[in-house]
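Visitor: Would you mind keeping the following structure in view while I ask a few things?
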Protein chains: 4
Amino acid sequence: MTLKVGVLGYRFMGKAHANALARLPMFFPDAPDVERHVLVGRDEAALADAADRLGFETTATDWADVVDEVDAFYNLGPNHVHAEPSIAALEAGTPVLSEKPLANDLESAERMAEAAESAGVPTATAFNYRFVPALRYAKNLIEDGELGEIHHFRGRYLQDWLVDPEAPWSWRNSEEMAGSGALGDLGAHTIDLARFLVGDLERVSGHCRTFVDERPVEDSETPEKSREGGETAERETREVTVDDAYSAQAELEGGVMATFEASRFANGHKNDHAIEIHGSEGSLKFSLERLNELEVLRDGNRGYETILVTDADDPYVEHWWPPGHVLGWEHTFVHENYEFLSAIDSGDEYHPDFDDGLAVQRALAAIQESDERGEWVAVE
Amino acid sequence: MTLKVGVLGYRFMGKAHANALARLPMFFPDAPDVERHVLVGRDEAALADAADRLGFETTATDWADVVDEVDAFYNLGPNHVHAEPSIAALEAGTPVLSEKPLANDLESAERMAEAAESAGVPTATAFNYRFVPALRYAKNLIEDGELGEIHHFRGRYLQDWLVDPEAPWSWRNSEEMAGSGALGDLGAHTIDLARFLVGDLERVSGHCRTFVDERPVEDSETPEKSREGGETAERETREVTVDDAYSAQAELEGGVMATFEASRFANGHKNDHAIEIHGSEGSLKFSLERLNELEVLRDGNRGYETILVTDADDPYVEHWWPPGHVLGWEHTFVHENYEFLSAIDSGDEYHPDFDDGLAVQRALAAIQESDERGEWVAVE
Amino acid sequence: MTLKVGVLGYRFMGKAHANALARLPMFFPDAPDVERHVLVGRDEAALADAADRLGFETTATDWADVVDEVDAFYNLGPNHVHAEPSIAALEAGTPVLSEKPLANDLESAERMAEAAESAGVPTATAFNYRFVPALRYAKNLIEDGELGEIHHFRGRYLQDWLVDPEAPWSWRNSEEMAGSGALGDLGAHTIDLARFLVGDLERVSGHCRTFVDERPVEDSETPEKSREGGETAERETREVTVDDAYSAQAELEGGVMATFEASRFANGHKNDHAIEIHGSEGSLKFSLERLNELEVLRDGNRGYETILVTDADDPYVEHWWPPGHVLGWEHTFVHENYEFLSAIDSGDEYHPDFDDGLAVQRALAAIQESDERGEWVAVE
Amino acid sequence: MTLKVGVLGYRFMGKAHANALARLPMFFPDAPDVERHVLVGRDEAALADAADRLGFETTATDWADVVDEVDAFYNLGPNHVHAEPSIAALEAGTPVLSEKPLANDLESAERMAEAAESAGVPTATAFNYRFVPALRYAKNLIEDGELGEIHHFRGRYLQDWLVDPEAPWSWRNSEEMAGSGALGDLGAHTIDLARFLVGDLERVSGHCRTFVDERPVEDSETPEKSREGGETAERETREVTVDDAYSAQAELEGGVMATFEASRFANGHKNDHAIEIHGSEGSLKFSLERLNELEVLRDGNRGYETILVTDADDPYVEHWWPPGHVLGWEHTFVHENYEFLSAIDSGDEYHPDFDDGLAVQRALAAIQESDERGEWVAVE
């Protein structure tokens, strides 16, 4: 059987997933056969061009037309369009992968998780960093008890693309469309890794900050009317209604102390997602910009060992290249798609699913609430 | 004129300062002449031995006998003995250097700062990391505006000497004697660097945690009576009444976001005091375990530049060795003593003084209060 | 027009190039259309399986049948089969890409280069590391004079897959099949980078060493007769007739001092190809295990700047992902195929071609001759 | 008994050894008592000033007057004055420490070693890097067999203080006074470490290079007559008669492959002495600019472990500070002086002695001879 995949969204994430689907046959021959069936978008010209490049059979401008026609629906749109199409697909019994964060508010996320529960089909929240070989390897070390009892989790995700106050406004700066800023976009990944590697967040204290309150609108984002006006030299700006950076303190289950941080103002850091964990028997460190490496302090050793996680018996590696031939960021999507599509095919459980996405959303909401109230907040 | 220095305490800090005093003539010939005049302690035998090794002329078992006899009084005892001798010395008009944190509670710190104010003589809180050449260089970069407007300060101080639950109890585990744990011992340094490099803390949200509630007492710490008992095989333990680790979020003056953390449970880290700062034009990173290096992102560059801060025109370096001949931890004490003694000699202002120590103490107290109340607390 | 590609070899390199060809349409839409037309090998069953997985239309067991049928012939076999099929293809007017080193001896390489010259079609020697974005970026820096006059080139390529004396014999241990060992397999890459980045080798002093003289034969490599014998418990071994490691000193054109080294006995190094260059105005460092990074000392700076070469205007990067989303080893093959196929399509010059391969072969031969004679040898 | 030490030379090395002597009582209380007895130099005013600062009792302008008056004679002058005073001291039965390299030519070094042999007193060639705790720790690992059989030694020593062609001429650029350039000044250290850690050099192939043939003379170096002339605007230069950089390939005893390199033209490197060793069971890496760290690949581990060699049971560390409180470059001199003076006091053997210095000198001479002859040369 060939799984027909329908994909909503054809920009950055659309390309990342299309590439992943295209690479499965050569590298994961035991994956189910997949057809890039239909690409969904609103701008017909751009859509046709994208479908051609990304290898889709057909296109559609209304997601409602496709959600019951495909064997898997990938919702890769902005956060505020995660809920409705995903719920519709689930109601049609179609497995759904949604980009992260699961939704732009907690209520939508809850509805999505309920729809997943009712549908009883596999769902995925696309926390792709769970599929970095080095982090899978880390997960195995922790599960095998090699770090002992965990005391500390420290995670931060640093970018700098908004440090220039003239960097243009985009949907990622809008609470309505994105829910939150660095918190939901970057922090969601870190919180998911905390849950994946260590455990659930029980209570949090959050701090959110917007450094630049409004940003210029690029022509392409300007409503037609205002562009027609034309006679004014005034620069058009739009309000930034989300955080540029957040930090959080947390207590995880089992009494683990945790700190979180993300920023779009961390000058010099492009995509620096870093994790550190300290346990009673060992520690580990990871950074996404060196994603083939894991630094591990093993019991009995004196310092961190820099492990290049590219050996044949490392997670997913035998599918690729010999030791020392490093993988890139995009490979995480191949692994993620492999696991999700295999679960659809086999009926096996898949994680991170919508429940995992909801758990992260609860933490995001608690951090925002904590920031507003100025006090610690329990995560449901 | 030769300055007579009296020193209370002859263990770790006593050795560090005695060494600093001994090295001034060869490397800082413009420093005032100094005599290691009197060493103060309670155990006469150990004291005599230490005085001999550390090069002191005489010894005394009561600090009250020396504070008005010397030109500078160094209080290097445990935190709970910082206040009385220091205040007595100041009342005698003697300049005082106190080890950090300034006191074990805010009230004592306030009395010390008041005594300093009344005395009108130089005082020092021994935040020696201000005297790392790389951090002085960093300070100059920031003051020259090379990082632009500061957005983020991130500081953490990681050690692991308590990760073993069988590590013995010491005065550092006692609230009565130390005031706090990782917070006051390590966090005080980080908070001082935040103030030195960026600015005052305005409000904080703190989190403190004790992982191990009681620890075995080593024989030398056991009260005589219980040792005499002897018949029991029971291990004697004492309660840990301070934090093993803390974290904090803060807002610094000018709206800078800051995060702080310290732990004595960070397996694999011995003395890892690390600072990161992001500004609108650049960033910097520092770690005490590589204290000769500063990583700087300069405006117009793309990545961090690893600067070995050992050139002749780097702070303090011309006193030592040619470029690339690295300095160690102890050199910070030489620089600190040079500056403090020069200030005593010249009457110039010296920082960090007791007011700086008090400012840090206010932040420590606010973090503790925030942790207890579960909400943000303003720093006075 | 669609270019039909015929590929000899379906193991490691076959997979690397097939993947590269498969990825062009999505990421390099301006590349010529390509058909993975025919896969060539001797073992029909394995071949059919590989062709299916790697996406080839047909298979062939004799390269002679395909070299004039295709628009590009890729010779990815062991070194000793580089010459004949490549020459036959060139004589048929077919552009050829050969894996490196160009041949297993200088005479064969010369015949290949002559055939290329006569054919007047594009050729490629597959020195894929020229296509690492960070090394292209380095090349641009050097050409723009940012390092000034070059004084030093230092290159080394460290692996460890033969450090175990029980690691099995393979064709790579045979002078007859491979020409040389670490020298030709790894050193060829380093010498090519020296030529690409700095200039030709003028004279060399070489040192070759075989640490383990014979190695066990795996069953699959054992001639049938000896396997039939069976009654003997004796382990079968085969002689190692190539170097396990080499080093070389060289003088490059313009008086640049150079050192080279490679080993298959460098315990702890999997695929560590590292380059360092020092010039009068700057320096740079690169390591293949962190291939997204380049360390650059710029004129006026004090230390190396760690540049993540993933910005949109870095070489090839705009075809892939946003800044900080790192590429892997395999991407070098995509860039290499893109350039070579584009040159076939456009008739533009392509490098590294067979002449470049020959120049490297001359250096390899000179190093071997120098090692045998114990003296410096000029490179023709 | 107090050992009287006489020191010839009061610049860089004079200060380094005077500091070491001054620090012994506080940190190495079991060292013999030492008096900085007499400082020897030619310029009386500068000498008196230096003696005052460095803590010497007296001064002398003729070394011949002091060599039989002291219990240890330190010869810290330029290389060409190592031989005569050292031999005179030995003939007077006085133990001698000579800075490295032992002499500026092989014949002088041989005479010095013969004098040492005849005298039967301890001698030292001041290869201070043997006394870096991390390298002592490395030595112990190797002796304990933790790296297995050694295959590779790689050493390089990079500086950049001559990269500017206008950097002034000094005695270090004169063959007559220094013997060689980077080779003897820097390479001597690396060769000594190869011998210390792995074994003797058996044969070498060397390459020496002078990038800048003449350099400007600073006023202080200009002979009086030419300064008087004055009427000419011509810049005075002097010929550089030593190498600016060298490289060497070598075979060490037991068949170990080795490569060596040093340069004063390695832009961006101040004092970067780096060592790498690969054995059948493990590997290690060291760099002087991070001298508290050793990177070790242990048997059974996958990557290098970054060890901070500052634990109480690491070599020499218990004399200094708690774990993580890093040492600097100068501490190597304290350890060296401690060991040498203890050997004088106890009559125990001391290494590296003049025989070790001679062994290094033979290697230096062989490298120079190899460079001149263009062929491999056996090291006697």
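The values are calculated or read from the model by the stated rules, or taken from the named source; none is laboratory data. Because the structure is predicted, anything quoted here is derived from the model rather than measured. Don't worry about glycine lacking a Cβ; one is built from the backbone with ideal geometry, like all the others, and counts go over all protein chains shown. For the accessible areas, the whole protein counts, side chains as well, though only heavy atoms, and no ligand, DNA or RNA atoms are used. Shrake-Rupley method; radii C 1.70, N 1.55, O 1.52, S 1.80 Å.
Visitor: About the Cα centre of the range C:2-128, how large is the charge dipole given +1 on each Lys and Arg Cβ and -1 on each Asp and Glu Cβ? Please answer in debye to the nearest 20.
Guide: Working: 9 positive and 21 negative charges, 117 e Å.
Once rounded to the nearest 20, the dipole reads 560 debye.
Visitor: Right, next: What residues qualify as long-range amide H neighbours of D:Y74, i.e. H under 5 Å apart, gap of 5 or more or another chain, H built at 1.01 Å from N?
Guide: Those qualifying (amide H under 5 Å, at least 5 residues apart or on another chain) are D:G6, D:V7, D:L8, D:L97.
Visitor: What order, most packed first, do the peptides C:133-144, A:246-257 have when packing is the mean number of other Cβ atoms within 10 Å of each residue?
Guide: Numbers: C:133-144: 18.8, A:246-257: 22.3.
Ranked by mean Cβ neighbours within 10 Å, highest first: A:246-257, C:133-144.
Visitor: In whole angstrom, how far apart do the alpha carbon centroids of the range C:298-366 and the range B:105-127 sit?
Guide: 62 Å
Visitor: On to the next question. In a GNM of chain C with a 10 Å cut-off on Cα contacts, which of C:T58, C:T310, C:T332 has the highest mean-square fluctuation?
Guide: Maximum fluctuation in the GNM of chain C, among the listed residues, is at C:T58.
Visitor: With springs only between Cα atoms under 10 Å, which of B:S205, B:S370, B:S346 fluctuates most in a Gaussian network model of chain B?
Guide: Ranking B:S205, B:S370, B:S346 by mean-square fluctuation puts B:S346 first.
Visitor: Just want to confirm a number: the relative contact order over chain B, from Cα pairs under 8 angstrom separated by 6+ residues, in percent. All intermediate terms of the calculation are to be shown ahead of the outcome.
Guide: Values: 828 pairs, mean separation 78.9, N = 380.
Relative contact order of chain B: 21 percent.
Visitor: A follow-up question, please. Counting only DSSP beta bridges with both residues in the protein assembly as shown, what percent are antiparallel, rounded to the nearest 5?
Guide: Around 60 percent of the beta bridges assigned by DSSP in the protein assembly as shown are antiparallel ones.
Visitor: Still on this model: Shielding by partners for D:145-156, please: the mean number of other protein chain Cβ atoms within 10 Å of each residue's Cβ. Write down the numbers at each step before the final one.
Guide: Numbers: counts 0, 0, 1, 2, 3, 0, 10, 10, 0, 7, 0, 3.
Average neighbour count from other chains, rounded to a whole number: 3.
Visitor: Okay, next question. Between B:D311 and D:D164, take the C-beta separation as r, use R0 = 25 Å, and let me know the FRET efficiency to the nearest 0.05. Display every interim value, and only then the final one.
Guide: Working: r = 14 Å, r/R0 = 0.57.
That pair, B:D311 with D:D164, gives E of 0.95.
Visitor: Could I ask something else about it? Would you mind checking the range A:190-204 for residues with the amide N under 17 Å from a putative spin-label position 7 Å along Cα→C-beta of A:E369?
Guide: The answer is A:201-204.
Visitor: Which value, in Å², gives the accessible area per residue of the range B:129-378 when a 1.4 Å probe is used on the protein heavy atoms? Could you put the intermediate results ahead of the total?
Guide: Details: 8470 Å² over 250 residues.
Here the per-residue accessible area is 34 Å².
Visitor: Sticking with this structure for a sec: So what's the projected area for chain D, the Cα convex hull averaged over all directions, in nm²? Intermediate results must be reported in sequence, preceding the final value.
Guide: On the way: hull surface 79.8 nm².
So the mean shadow area of the Cα hull is 20.0 nm².
Visitor: Ok, one more. Say each of D:E281 and D:D33 gets a label point 7 Å from the Cα, pointing the same way as Cα to Cβ; how far apart are those two points in nm?
Guide: 4.7 nm
Visitor: Moving to a separate point now. Please figure out what share of the DSSP beta bridges in chain D is antiparallel and state it in percent, rounded to the nearest 5.
Guide: On the way: 41 of 68 bridges.
Just about 60 percent of them are antiparallel.
Visitor: Beyond 20 Å between alpha-carbons counts as too far, so tell me which of B:K15/B:K100; A:K270/C:K139; C:K285/D:K285 fall in that bin.
Guide: Details: B:K15/B:K100 16 Å; A:K270/C:K139 23 Å; C:K285/D:K285 17 Å.
Over 20 Å Cα-Cα: A:K270/C:K139.
Visitor: Next question, about the same structure. For the range A:130-378, with all protein chains present and a 1.4 Å probe, just round the carbon and sulfur fraction of the accessible area to a whole percent.
Guide: On the way: 3360 of 8470 Å².
Reported share for carbon and sulfur atoms: 40 percent.
Visitor: Could you compute the net charge surrounding C:F260? Neighbours are other residues with a C-beta less than 11 Å from the C-beta of C:F260; K and R count +1, D and E count -1.
Guide: Details: positive: C:R154, C:R156; negative: C:E261.
Residues near C:F260 contribute +1 overall.
Visitor: Nearest 100 Å² is fine: what is the total accessible surface buried where chains C and A meet, probe 1.4 Å?
Guide: Numbers: alone 17260 and 17240 Å², together 31430 Å².
Buried area between the two chains comes out at roughly 3100 Å².
Visitor: Using the Karplus equation 6.51 cos²θ - 1.76 cosθ + 1.60 (θ = phi - 60°), what ³J(HN,Hα) coupling, rounded to whole Hz, does each residue of the range C:60-76 give in order, writing x for Gly and Pro?
Guide: Karplus-based 3J(HN,Hα) across the range C:60-76 equals 8, 9, 10, 4, 4, 6, 10, 5, 9, 9, 10, 8, 7, 10, 9, 9, 10 Hz.
Visitor: Tell me the net charge near C:V240. Cut-off is 10 Å between Cβ atoms, C:V240 excluded, with +1 for each Lys or Arg and -1 for each Asp or Glu.
Guide: Details: positive: C:R172, C:R215, C:R238; negative: C:E175, C:D213, C:E214, C:E239, C:D243, C:D244.
Within the 10 Å Cβ shell, the charges total -3.
Visitor: Now for a separate question. Run down the aspartates and glutamates and flag those whose C-alpha is under 13 Å from the C-alpha of B:K4, throwing out any fewer than 8 positions away in its chain.
Guide: B:D33, B:E35, B:E57, B:D68, B:E69, B:D71, B:D345
Visitor: If r is the Cβ-Cβ distance from C:D200 to C:T58 and R0 is 45 Å, what FRET efficiency results, to the nearest 0.05? Display every interim value, and only then the final one.
Guide: Values: r = 42 Å, r/R0 = 0.93.
E(calc), rounded to 0.05, equals 0.60.
Visitor: What's the center-to-center distance, using Cα atoms, between the range B:23-85 and the range A:14-53 in Å?
Guide: One Cα centre to the other: 75 Å.
Visitor: Sort B:361-369, B:68-76 by the packing proxy (mean of other Cβ within 10 Å over each peptide's residues), most packed first. Intermediate values should be presented prior to the final figure.
Guide: Values: B:361-369: 24.8, B:68-76: 22.7.
Going from most to least packed, we get B:361-369, B:68-76.
Visitor: Ok, one more. Mind giving me the nanometre distance, one decimal, between the label points for C:T2 and D:D65, set 7 Å out from Cα along Cα→Cβ?
Guide: Result for the modelled spin labels: 9.8 nm.
Visitor: I need to check one value: relative contact order of the range D:2-128, counting alpha carbon pairs closer than 8 Å and at least 6 residues apart, in percent. All intermediate terms of the calculation are to be shown ahead of the outcome.
Guide: Working: 230 pairs, mean separation 29.0, N = 127.
So the answer I get is 23 percent.
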